[in-house]
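Before any comments, here is the structure.
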Amino acid sequence: MKKFILGLAVLSTVVMKAQTQIIAHRGYWQTQPPTTENSLKSLENAQKLKIYGAEFDVRMTKDGVLVVNHDEHHEKMEISETDFKELEKAKLSNGENFPTLKDYLKQGKKDKSLKLIVEIKPAKTKELEDELVQKTIKEIKSMKLESQSEFISFSLNICKEIKKAEPKSKVQYLNGELSPEQIKSEGLDGMDYHYSVFDKNPTWISEAKVLGLITNSWTVNDVAVYEKLKGQGIGFITTNIPDQLKNK
Ligand code: MG
């Protein structure tokens, strides 16, 4: 009986831990000393943490090269209006080369246990967004990283195009205005919303779970916010402090 109770206690701890998983936001870059977000080093740091995944942002240059960068601009150059050979002249602040998606995926492939959470950034037209989706999926497939990759986007068009191209892939919507029922009826797999959205809609996490949707929240850099979301049963959180939250 004692063994049984002990077993239950261990099992419940494991289940509790499995309930909320950690995703490093733009890699793990708030290290000592810090490195640059969305750099290969930040991805490598995330790999060492043994967490669920690392998120990064994908954009397309004027000449159709896929690169990893959060902002529309790299230095003073607008990525979608500049050719890659110009963009790569400016290094990242940590001295690395301006990363292509291919560079990033190569580093990601070194640790199969860390999911690659691919954020595809909205583009200026539907045509550009569709091209960005097709090219991103092609690169992921050419490196056989389909099962290691999941997708997020603020663009509903991008989310739907990913599902059209790769129905088995996991796609979560970021923008926050769609209810769990709407996410389900759009054919998407989950909602990855700013934590204030779940604050305003306190029933959404449990409603999403009933519908079998993934629940995720960004960017949770506060332990109290993390604990609240965890208490509501959120599946994932995306954070700049993965080192601090992974053992909470
Ligand atoms: Mg992002």
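Some points to look at:
- Choice from GLN32, GLN148, GLN134 with maximal GNM fluctuation in the chain (Cα, 10 Å cutoff): GLN32
- All C-alpha pair distances within region 48-163, sorted into 10 Å bins from zero, spread as 13, 47, 33, 6 percent across the bins.
- Accessible area of region 33-169 belonging to carbon and sulfur atoms, whole % at 1.4 Å probe: 53 percent
- Convex hull per residue volume in Å³, alpha carbons only, for the chain: 142 Å³
- 19 Å Cα-Cα reach of LYS200 towards lysines, excluding residues that sit fewer than 8 places from it in its own chain: LYS209, LYS228, LYS230
- Separation in nanometres of the label points that stand 7 Å from Cα toward Cβ, at ASN175 and GLU131: 2.2 nm
- Between the alpha-carbon centres of region 89-135 and region 140-209 there is a gap of 18 Å.
- Selection of trypsin sites (Lys or Arg not before Pro), region 20-88, meeting DSSP coil and at most 15 other Cβ within 10 Å: LYS50, LYS62, LYS76
- Modelled FRET efficiency - R0 35 Å, LYS85 with GLN21, Cβ distances, 0.05 increments: 0.35
- Rounded to two decimals, the Cα-based Rg/Rh of region 179-248, with Kirkwood Rh, is 0.97.
- Near LYS115, once Lys and Arg are set to +1 and Asp and Glu to -1 for all other residues with Cβ below 11 Å from its Cβ, the sum equals -1.
The values are calculated or read from the model by the stated rules, or taken from the named source; none is laboratory data. Being a predicted model, the structure only gives us computed values, none of them experimental. All Cβ positions, glycine included, derive from the backbone under ideal geometry; neighbour counts span all protein chains shown. Each accessible area value is taken on the protein alone, full model and side chains, heavy atoms only, with ligands, DNA and RNA left out. Shrake-Rupley method; radii C 1.70, N 1.55, O 1.52, S 1.80 Å.
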